Amino acid sequence: MASAVISSSPFVCKSPAKDLGFSSFRKPSQISIHGCQKKSISRKIVSVMAPQRSSSTSGSVKTGMTMTEKILAKAAEKSHVVPGDNIWVNVDVLMTHDVCGPGAFGIFKREFGENAKVWDSEKIVVIPDHYIFTTDKRANRNVDIMREHCREQNIKYFYDITDLGDFRANPDYKGVCHVALAQEGHCRPGEVLLGTDSHTCTAGAFGQFATGIGNTDAGFVLGTGKILLKVPPTMRFILDGEMPSYLQAKDLILQIIGEISVAGATYKTMEFSGTTIESLTMEERMTLCNMVVEAGGKNGVIPPDATTFNYVENRTSVPFQPVYSDGNASFVADYRFDVSKLEPVVAKPHSPDNRALARECKDVKIDRVYIGSCTGGKTEDFMAAAKLFHAAGKQVKVPTFLVPATQKVWMDVYALPVPGAGGKTCAQIFEEAGCDTPTSPSCGACLGGPADTYARLNEPQVCVSTTNRNFPGRMGHKEGQIYLASPYTAAASALTGHVTDPREFLQ
Amino acid sequence: MAASSLQSLNPTFSQTLASPNTSPPFRSPFLRFNSSFNLKPLSTRSSSFIARSAAEPQERKTFHGLCYVVGDNIDTDQIIPAEFLTLVPSNPDEYEKLGSYALIGLPASYKDRFVQPGEMKTKYSIIIGGENFGCGSSREHAPVCLGAAGAKAVVAQSYARIFFRNSVATGEVYPLDSEVRVCDECKTGDVATVELREGDSVLINHTTGKEYKLKPIGDAGPVIDAGGIFAYARKAGMIPSAAAA
């Protein structure tokens with residue numbers, strides 16, 4: 001039986017894991033789950049040709065599949081899969097960037113031959129984004145290496161940059177890979193997208209299977225277009241209720257990670273649904289799925305709907321097939337949240353699951369604020385920050401660094417009027433509030449980077465950041481203290497010089 | 001061509017190919033070890049290295065040396081800080097350099113450094129960790145730098161999935177699961193032996209005298225023995241044994 005977990009939070013109601021018919025799933029404890037589940041399933045996996053897949057312990061045979069199971073089944077050309085199955089999956093899109101690309105292609109050439117050709121030059125997307133605006137010679141060399149590979153392999157999608165002095169002089173350059181993938185129409189419902197980056201799970205917002213892999217796996221995919229994957233069980237998170245005006249998707253995911261811990265979803269799918277999810281924009285859904293990896297999750301997924309189709313169809317004409325979980329699908333855990341009762345939260349140093357209410361951290365003095373990254377550097381993230389600055393009408397008390405994720409985001413920051421601000425753009429509002437000028441789009445200091453990276457934490461300072469991880473040394477200095485927060489919370493904190501609940505300025 | 005070989009072998013591979021991705025150990029009928037398999041790092045191995053006989057006598061694989069003990073949630077930024085990711089692991093010189101930076105991101109509270117300043121290799125063969133070892137990024141540089149530095153095995157309570165998968169795919173270190181919190185009972189500098197056997201694998205701490213059962217590495221073992229997923233695939237006949245010219 002599932003262990004009875006009584007949640008002390010008034011907002012969360014967790015029902016025990018449904019009876020899946022697998023004895024291994026009876027104990028959803030973090031520590032032993034993947035150990036014990038593999039033991040009893042292993043025999044079934046090894047003899048893949050066995051036609052019967054009886055759920056021997058319960059006697060009932062579930063035929064329904066979750067979204068993730070369906071996507072993987074289709075990609076493996078199978079009619080049915082269950083969690084634990086090891087299957088060969090056809091890959092629709094493989095993404096890589098400047099840090100892992102050289103290694104992945106290096107392995108591809110070494111293993112398949114110097115003259116080998118990639119499996120499909122139109123299914124690979126190469127997006128330099130990590131260490132771009134730096135004088136670090138190796139970093140610059142890595143972009144050059146990717147250019148050579150793309151030329152040789154005739155890679156269709158290579159978002160190149162050659163003029164590091166002015167990002168706008170590079171028409172192909174995009175910026176942060178996960179945001180660029182979405183903006184350029186590479187994310188489509190029902191597909192399998194892999195990337196050499198842990199936050200590839202962001203694309204699950206589009207109702208597809210998306211996860212991060214290492215260079216060796218990527219080298220293998222480059223040559224064959226296939227990957228061996230184990231089908232993950234799905235944890236379902238149902239979020240209902242109206243989103244309060246001061247709450248953002250970042251608060252939702254920090255709430256969830258704080259609930260289940262940094263290993264709470266290890267090897268599993270996190271499926272998000274409910275009325276709140278349906279009300280979220282694509283960028284907010286991306287923020288939600290982006291941090292699935294911070295809970296250890298294999299992939300995140302949101303059922304596609306009109307919002308999804310609208311976004312996707314405006315960016316690509318490639319046909320797609322949306323998939324939805326069956327009514328009788330099995331989920332290994334069910335979490336329900338009443339979003340209307342949630343409050344802005346932060347993740348305190350040094351772990352994404354070190355959750356605390358923003359208002360309870362108001363005595364924490366901070367040294368700087370960072371707004372950027374795939375998690376919190378999209379157009380709507382900047383719009384939100386600008387909206388709060390405008391409502392407050394004050395100046396920031398600490399250096400506030402703005403790093404738009406992509407060229408498009410940068411242009412939006414300078415061109416789009418912020419609703420309710422009398423026609424002012426984000427850039428104008430930021431300037432009036434005393435923020436730093438929005439910088440060239442890239443991953444920037446989210447992960448520290450070379451020593452000369454803009455906004456890198458080079459001293460043991462306290463930073464409120466809209467990024468995704470706050471382990472020691474994440475943004476540079478090992479003793480740096482990073483508070484992960486939503487754009488609203490980050491902006492509010494910049495205005496007071498302390499960690500601040502955005503309701504101080506938004507009501 | 002590689003892809004068609006894979007296709008034609010698809011129905012049979014599941015009998016021979018280990019699942020290199022997420023599975024932690026499970027019991028195999030028996031594990032085959034070839035003691036003459038040299039666990040050289042991938043980058044120094046020539047492409048014609050592969051294709052050995054599969055019928056080797058059962059053998060124990062043993063690692064003996066000093067332990068280096070860390071705590072829970074050791075993330076990839078602590079294993080290999082992002083500033084060193086400009087080093088490309090498939091480049092032999094840079095592979096060695098990566099090893100010299102292994103675990104350099106650990107906070108100052110770790111008084112003993114994994115690799116001494118100025119050195120390229122570690123004196124510790126076995127890393128002992130807690131829960132969720134290797135969490136964070138998908139960067140393969142994490143298991144690679146540990147292997148490049150000279151570590152042979154990690155013994156942890158649990159792993160983050162991408163790190164585990166990358167360890168197996170690269171063949172750089174054996175990611176072994178302990179059944180108890182070994183990290184609370186061992187200290188950096190303890191002398192230990194890890195024995196991978198057909199039945200139970202064990203960690204023996206010679207300094208304290210205690211022995212710990214480890215979960216069997218199962219089918220992931222032969223993949224790491226062979227030197228990673230590509231080497232294993234060639235050995236198992238899944239892809240051509242010589243790299244296509």
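The values are calculated or read from the model by the stated rules, or taken from the named source; none is laboratory data. Keep in mind it's a predicted model, so treat the numbers as computed, not measured. Cβ coordinates were reconstructed from backbone atoms using ideal geometry, including for glycine residues, and neighbour counts include every protein chain displayed.
Scanning the stretch A:75-124 for residues that are in a loop (DSSP other than H, G, I, E, B) and either basic (K, R) or free of Cβ contacts under 8 Å to residues at least 12 places away in the same chain (or both) yields A:K78, A:S79, A:G113, A:E114, A:N115, A:K117, A:K123. Here B:Y110 meets each of (1) assigned to a strand (DSSP E or B); (2) hydroxyl-bearing (S, T, Y); (3) within 14 Å of chain A (Cβ to nearest Cβ) with one exception, condition (1). The set of residues from the stretch A:383-406 being closer than 17 Å to A:A445 by Cα and not aliphatic (A, V, I, L, M) comprises A:P399, A:T400, A:F401, A:P404, A:T406. Within the stretch A:484-507, one or more residues are crowded, with 24+ Cβ neighbours inside 10 Å and either modelled with pLDDT under 95 or within 14 Å of another protein chain (Cβ to nearest Cβ) (or both).
Tell me, which helices (runs of 4 or more DSSP H) wholly within the stretch B:141-222 include 2 or more residues that are buried (at least 24 other Cβ atoms within 10 Å of the Cβ) and not charged (D, E, K, R)? Steps first, answer last, please.
Values: elements: B:141-149, B:161-170, B:182-185.
By residue number, B:141-149, B:161-170.
I need the full set of residues from the stretch A:372-397 which are among the β-branched types (V, I, T) and under 20 Å from the mean Cα position of the chain (by Cα), in order please. If you could, list the steps in order and put the result at the bottom.
To start, the set of residues in the stretch A:372-397 that are among the β-branched types (V, I, T) comprises A:375, A:379, A:396.
Residues satisfying the conditions are A:T375, A:T379.
For the stretch A:174-202, the candidate set comprises residues that are within 14 Å of another protein chain (Cβ to nearest Cβ) and small (G, A, S); within that set, the residue that is farthest from A:G300 (Cα to Cα) is A:G195. Checked against (1) surrounded by fewer than 15 Cβ atoms within 10 Å (Cβ to Cβ); (2) assigned to a helix (DSSP H, G or I); (3) within 11 Å of another protein chain (Cβ to nearest Cβ), B:F230 meets all criteria but (1).
Here is a check on your reading of the model: is A:P472 surrounded by 19 or more Cβ atoms within 10 Å (Cβ to Cβ), assigned to a loop (DSSP other than H, G, I, E, B) and outside the structural domain of A:T135 (by the TED database)? Working first, answer last.
Details: surrounded by 19 or more Cβ atoms within 10 Å (Cβ to Cβ): yes; assigned to a loop (DSSP other than H, G, I, E, B): yes; outside the structural domain of A:T135 (by the TED database): yes.
Yes: the conditions hold for A:P472.
The residues on offer are B:G134, B:G99, B:G130, and the sole one that is under 22 Å from A:D197 (Cβ atoms) and of a type in the set (G, A, S) is B:G134. Within the stretch A:406-464, being more than 22 Å from A:D136 (Cα to Cα), touching a residue at least 40 places away in the same chain (Cβ under 8 Å) and surrounded by fewer than 17 Cβ atoms within 10 Å (Cβ to Cβ) holds for one residue alone: A:E432.
Note on the stretch A:131-150: among residues that are in contact (Cβ under 8 Å) with a residue 60 or more places away in the chain and more than 8 Å from chain B (Cβ to nearest Cβ), the one that is nearest to B:R234 (Cα to Cα) is A:I132.
Please work out if A:P128 is free of Cβ contacts under 8 Å to residues at least 60 places away in the same chain, at the interface with chain B (Cβ under 9 Å from one of its Cβ atoms), under 17 Å from A:Y157 (Cα atoms) and in contact with a helix residue (DSSP H, G or I) (Cβ under 6 Å, 6 or more places away or on another chain). Please lay out each step first, then the result.
Working: free of Cβ contacts under 8 Å to residues at least 60 places away in the same chain: yes; at the interface with chain B (Cβ under 9 Å from one of its Cβ atoms): no; under 17 Å from A:Y157 (Cα atoms): yes; in contact with a helix residue (DSSP H, G or I) (Cβ under 6 Å, 6 or more places away or on another chain): yes.
For A:P128, the condition - free of Cβ contacts under 8 Å to residues at least 60 places away in the same chain, at the interface with chain B (Cβ under 9 Å from one of its Cβ atoms), under 17 Å from A:Y157 (Cα atoms) and in contact with a helix residue (DSSP H, G or I) (Cβ under 6 Å, 6 or more places away or on another chain) - is not met.
For the stretch A:204-245, a residue qualifies if it is among the small types (G, A, S) and within 14 Å of chain B (Cβ to nearest Cβ), and the qualifying residues are A:A210, A:G212, A:G214, A:A218, A:G219, A:G223, A:G225.
The residue that is surrounded by the fewest Cβ atoms within 10 Å (Cβ to Cβ), among those in the stretch A:152-179 that are free of Cβ contacts under 8 Å to residues at least 40 places away in the same chain, of a type in the set (S, T, Y) and under 25 Å from A:T202 (Cβ atoms), is A:Y157.
The single condition among (1) out of contact with any Phe, Trp or Tyr (no Cβ under 7 Å at 6 or more places or on another chain); (2) modelled with pLDDT of 95 or more; (3) closer than 21 Å to A:Y267 by Cβ; (4) in a helix (DSSP H, G or I) that A:M65 does not satisfy is (4).
How about the stretch A:246-275: which of its residues are within 18 Å of A:L484 (Cβ to Cβ), of a type in the set (V, I, T) and within 14 Å of chain B (Cβ to nearest Cβ)? Give the derivation first.
Initial filter on the stretch A:246-275 (within 18 Å of A:L484 (Cβ to Cβ)): A:246-265, A:270.
Still in the list and also of a type in the set (V, I, T): A:253, A:256-257, A:260, A:262.
Within the stretch A:246-275, A:I257, A:I260, A:V262 qualify.
With respect to A:T224, determine if the residue is within 20 Å of A:F108 (Cα to Cα) and at pLDDT below 95. It is true that A:T224 is within 20 Å of A:F108 (Cα to Cα) and at pLDDT below 95. Taking the numbered list (1) free of Cβ contacts under 8 Å to residues at least 24 places away in the same chain; (2) closer than 22 Å to A:G449 by Cα; (3) within 14 Å of another protein chain (Cβ to nearest Cβ) in turn, B:G136 passes all entries but (1). Could you list, in sequence order, all residues of the stretch B:74-107 that are small (G, A, S) and part of a helix (DSSP H, G or I)? Scanning the stretch B:74-107 gives B:A82, B:G99, B:S100.
List the helices (runs of 4 or more DSSP H) that sit entirely inside the stretch A:360-423 and contain at least 3 residues that are more than 24 Å from A:G497 (Cβ to Cβ). I'd like the intermediate steps shown before the answer.
Working: elements: A:373-376, A:379-392, A:407-415.
Passing ranges, in order: A:407-415.
For the residues A:K117, A:K156, the requirement of being of a type in the set (D, E, K, R) and either closer than 30 Å to A:K70 by Cβ or at pLDDT below 95 (or both) singles out A:K156. Residues that are of a type outside the set (A, V, I, L, M, F, W, C) and in a helix (DSSP H, G or I) were ranked within the stretch A:125-140; the one that is surrounded by the fewest Cβ atoms within 10 Å (Cβ to Cβ) is A:K137. Please tell me if A:G165 is outside any strand (DSSP E or B) and either in contact with a strand residue (DSSP E or B) (Cβ under 8 Å, 6 or more places away or on another chain) or within 30 Å of A:P322 (Cα to Cα) (or both). It is false that A:G165 is outside any strand (DSSP E or B) and either in contact with a strand residue (DSSP E or B) (Cβ under 8 Å, 6 or more places away or on another chain) or within 30 Å of A:P322 (Cα to Cα) (or both).
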